[in-house]
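Each remark here refers to the structure printed beneath this line.
Please treat every number below as a calculation from the coordinates, not as lab data. Keep in mind that this is a model prediction, so the values were computed, not measured. Cβ atoms come from the backbone with ideal geometry, glycine included; neighbour counts cover every protein chain shown.
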Amino acid sequence: MSTTANFHMSPDEFRRWGHAVVDWIADYQRHVEALPVLSQVQPGEIRAKLPAAPLEHGEAFDAILADIDRLVLPGITHWQSPNFFAYFPANNSGPSILGDLLASGLGVQGMLWATSPACTELETHVLDWLVDMLDLPAKFKSNGPGGGVIQDTASSAVLCAVLAARERATGFASNERGTDGRLTAYASTQAHSSIEKAVKVAGLGRQNLRLIPVDERFAMRADLLARQVADDRAAGLVPCFVGATVGTTSSNALDPVAAIGRFCRENSLWLHVDAAMSGTAALCPEFRFIHDGLELADSYAFNPHKWMFTNFDCDCFYVADRAALIKTLSVLPEYLRNQATESGAVIDYRDWHVQLGRRFRALKLWFVIRHYGVEGLRHHVRRHVELAQEFAGWVRASADFELAAPVPLNLVCFRHRAGDDFNRRLLERINQSGQLYLTHTVLNDRYTLRLCVGQTHTEARHVERAWQLIRQSAEADARS
Ligand code: PLP
């Protein structure tokens, strides 16, 4: 028991408990595969075990750490289990966790270049690296009028894009006077809900978001986008923003970015491309087709915190014209004035997102890229796609199951042929087993199971076992 539990943790105590925590994480990594993937607790169960009020006096750290096993672990859904196939992944890796730990240790608040030059310059540099690594358009690099910034999430990125689109469409007047209710925004019916939220938060009004129908591959119909924009213009409205998706959440559909981009160019619409998970695939040259037409986009975002082994949160947001973004978001109170900013020679990322303060997120990204190397990252991404494609092949060959959507990358949408109720029960049975975790969507009004391969440690044996378990569960249900 520590004798200084009521006081600051000394560096020596920190060293001791830091080692204990790292040991705990390493053990967790080793054993996570054996834990039930989906937390089995009932609502309120975790809170009920917590003391009603905090203790008046501090506790020894070993008691605190012991409660991770006792109180917290039962309430964890294990996103880092190789049997996690739900949603899109939020994978992590050793170098990323250590980078994050160092960022916490340094405790930097990087709102201005001057508040920690390394925090800004490493971020700019790593985001430029990623332009090359994913073969993104060079206009997103910081050496021209564009540039990249780390946001917490893809939701924050699209909010910034909608705000900049709003300002560009109104000659930066809505910043001053608000909107007059005539600005409209567009995304497909399959776009992520973060676009709807951004449109609401940016004050465009939910009713001014048009959801454009999709084709049989669940990709936006560029012709119907053009028609809707024309109708809105004819009605006196002011179209300003289009959100295209590379890898929709439901089915991994790829919107036709080139066709949408050409239309946006001709009509002065801000095009944001949301590649939250799937953008990572562009590490591999053979998957770069997903970004065809990206040179026509005004902004782009993908999340290393989904599929690039970088723990949450880490979204890379790029703009072709940083001046538009900065003009939209910049406010400069006296207390933030400083020489470096006045010189114009530095980037102050506080002007690139909604919040002022920012963590040193570039550190974990830098660690990940350096640890794996580009080739190492490619290897894992390729492997995930291969495993998903293999699973899709088994579904295709099965008499009982069918694919519900094309499988361009690492997400397989499929269903049992016995109908919605059967699939609903099947999913529940699978997830209650604790042996794997899948989630669902609805495609063409039919209940659909999703299996996404993207967890850091998922290997062939996990995917094979998943297929075995799914088939066994279906057979058990059919018998009962
Ligand atoms: N866009 C797409 C296509 C997504 O799938 C998701 C989340 O899964 C998001 C945006 C939102 O991601 P975030 O949690 O980073 O806001």
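Dividing the mean sequence gap of close Cα pairs (under 8 Å, 6+ apart) by how many residues the chain holds gives a relative contact order of 21 percent. For the stretch 364-390 versus the stretch 107-135, the inter-centroid distance based on Cα atoms is 22 Å.
Exposed loop sites here are GluC sites (Glu not before Pro) assigned a DSSP state other than H, G, I, E or B and surrounded by at most 15 other beta carbons within 10 Å; excluding them, the longest clear run of the chain is 217-458.
For the stretch 108-359, the dipole from Cβ point charges (+1 on Lys and Arg, -1 on Asp and Glu) about the Cα centre works out to 540 debye, to the nearest 20.
When each full DSSP H helix of the chain is screened for a Cα extent of at least 15 Å along its own axis and an average Kyte-Doolittle hydropathy of at least -1.0, the helices passing are 94-106, 117-133, 154-169, 222-234, 362-397, 460-479. If R0 is taken as 56 Å, the Cβ-Cβ distance between Gln42 and Glu342 corresponds to a FRET efficiency of 0.45. Along the positive direction of the dipole of the stretch 108-359 (beta-carbon charges: Lys, Arg +1; Asp, Glu -1; about the Cα centre), which of Ala301, Thr184, Ser343 reaches farthest? About the Cα centre, the residue reaching furthest to the positive side is Thr184. Counted by neighbouring Cβ atoms within 10 Å, the residues His379, His78 run from fewest to most as His379, His78.
Measuring nothing but how far apart in sequence close Cα pairs (under 8 Å, 6+ apart) lie, relative to its length, the stretch 379-470 scores a relative contact order of 29 percent.
Of the residues Val407, His8, Ala323, the one whose Cα sits farthest toward the positive end of the charge dipole of the chain, with +1 on the Cβ of Lys and Arg and -1 on the Cβ of Asp and Glu, is Val407.
Placing +1 on each Lys and Arg Cβ and -1 on each Asp and Glu Cβ, with no other charges, gives the stretch 97-221 a dipole about its Cα centre of roughly 680 debye.
Charge dipole (Cα centre; +1 on Lys/Arg Cβ, -1 on Asp/Glu Cβ; no other charges) of the stretch 327-370 amounts to roughly 360 debye.
For the stretch 70-86, 3J(HN,Hα) computed residue by residue from phi via the Karplus equation (6.51, -1.76, 1.60; θ = phi - 60°) reads 6, 9, 8, 3, x, x, 9, 8, 8, 4, 9, 7, x, 9, 8, 10, 7 Hz, glycine and proline entered as x. Name the shape class, rounded, prolate or oblate, that the alpha-carbon gyration tensor gives for the chain, where a ≥ b ≥ c are the square roots of its eigenvalues, rounded holds for a/c under 1.5, and otherwise prolate holds if a/b is larger than b/c and oblate otherwise. Oblate, since a/c reaches 1.5 and b/c is not below a/b.
Of Lys141/Lys327; Lys197/Lys364; Lys141/Lys197, which sit over 24 Å apart, Cα to Cα? Exceeds cut-off: Lys197/Lys364; Lys141/Lys197. Distance between the 7 Å Cα→Cβ label points at Arg465 and Ala114: 5.6 nm. Whole-Hz Karplus values for the stretch 446-458 come out as 10, 5, 9, 8, 10, 10, 10, 9, x, 6, 3, 9, 5 Hz, taken residue by residue from phi with 6.51 cos²θ - 1.76 cosθ + 1.60 and θ = phi - 60°; glycine and proline positions read x.
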